[in-house]
Amino acid sequence: MGYKNYSDWFGVEGFSANFSFNEKDYSILSHRRDFASLLDYDQNALVIPKQVHSKNVYYVDSPGLLEETDGVFSDKKEIVLTIQVADCIPLFLMDVKTERWGLIHSGWQGTAKNIAGEAIDQFQKSRSNPGYIKAVLGPSIGQCCFEVGREVSDQFDIAFSIPGKGNRKMVDLRGVLKSQLTEVGVSQANILIDDDCTFCQDDLYFSYRREGDKAGRMVAIAGWR
Ligand SMILES: [Zn+2]
């Protein structure tokens, strides 16, 4: 079973950050637990947000379900954070100084609401310095495939769009998110963007835009072991 592993890039001993491929639908809890076990996490320690495309980011210190939550962060190493995506950007965050870490679901709606900026703000309120925060933008829909109408493209700075068909625009959501992070003090050098496009690479990833409502979900998992 394959998966993406960003642990070495974070370079924090004991910390592991991973992203599944499309072998199973990880919106199904038993599949998510199996994947966690495969990665040597405690499958009973998972934090499972019920995601609603909000900008709600919460500190968590115990496992379980969380209603209306699109971002979680913690400093309790016995719990394991998860979020699910299929085109939306899975954002991994790690303050390498305090070893506080987080997972954020930033689709176009979350990105329009700047959930990434909200997450960094909450890290700062917990006394994290953004200068020590490393970030990974995991596999997501690329600008190559995110063609949208004005109702969506108008929510982002024109600098992040190129022309599409007719009045439509191709929006670079990863570029928007990266700028949201650097605006609040995260260093460019500390941001890794995975170039894999979930829409283009149908052999590896589910894509909500490609498959519609029946699309499965990949899962991002980050924690200690
Ligand atoms: Zn693409």
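The values are calculated or read from the model by the stated rules, or taken from the named source; none is laboratory data. No experiment lies behind these values; they were computed from the predicted model shown. Glycine gets a Cβ as well: all are built from the backbone with ideal geometry, and neighbour counts include every protein chain shown. For accessibility, only protein heavy atoms count, side chains too; no ligands or nucleic acids. Shrake-Rupley method; radii C 1.70, N 1.55, O 1.52, S 1.80 Å.
Only residues that are more than 14 Å from Thr82 (Cα to Cα) and hydroxyl-bearing (Ser, Thr, Tyr): list them for segment 1-58, please.
Tyr3, Tyr6, Ser7, Ser54
Only residues that are over 12 Å from the mean Cα position of the chain (by Cα) and within 16 Å of Ala119 (Cβ to Cβ): list them for segment 74-95, please.
Selection gives Ser74, Asp75, Met94, Asp95.
Would you call Phe146 within 16 Å of the ligand (Cβ to nearest atom), in contact (Cβ under 8 Å) with a residue 12 or more places away in the chain and in contact with a Gly (Cβ under 6 Å, 6 or more places away or on another chain)?
no
All but one of (1) within 16 Å of the ligand (Cβ to nearest atom); (2) at negative phi hold for Pro130; which doesn't?
(1)
Scan segment 162-189 and report the pairs whose first residue is among the charged types (D, E, K, R) and whose second residue is open to solvent by less than 40 Å² (accessible area, probe 1.4 Å), with Cβ atoms within less than 6 Å and a gap of 6+ or a chain change.
Short answer, once both residue conditions are applied: Arg168/Glu147; Arg168/Gly149; Lys169/Ser153; Lys169/Ser161; Arg174/Leu137; Lys178/Ile191.
Looking at this structure, is Leu103 buried (at least 24 other Cβ atoms within 10 Å of the Cβ) and in contact with a helix residue (DSSP H, G or I) (Cβ under 8 Å, 6 or more places away or on another chain)?
Answer is no for this residue.
I'm trying to understand the selection: among the residues of segment 1-17, which are surrounded by 15 or more Cβ atoms within 10 Å (Cβ to Cβ) and in a strand (DSSP E or B)?
Tyr3, Lys4, Phe15, Ser16, Ala17, listed by residue number.
Filter segment 187-225 down to the residues that are more than 12 Å from the ligand (Cβ to nearest atom), among the small types (Gly, Ala, Ser) and in a loop (DSSP other than H, G, I, E, B) and list them by number.
Of everything in segment 187-225, those that are more than 12 Å from the ligand (Cβ to nearest atom), among the small types (Gly, Ala, Ser) and in a loop (DSSP other than H, G, I, E, B) turn out to be Ser187, Ala215, Gly216.
Please specify each residue of segment 153-173 satisfying the condition of being under 23 Å from the mean Cα position of the chain (by Cα) and open to solvent by less than 30 Å² (accessible area, probe 1.4 Å).
Ser153, Phe156, Ser161, Met170, Val171, Leu173
Please verify whether segment 81-96 includes one or more residues that are open to solvent by 10 Å² or more (accessible area, probe 1.4 Å) and over 18 Å from Gly138 (Cβ atoms).
Checked against the condition, which is being open to solvent by 10 Å² or more (accessible area, probe 1.4 Å) and over 18 Å from Gly138 (Cβ atoms), segment 81-96 yields at least one hit.
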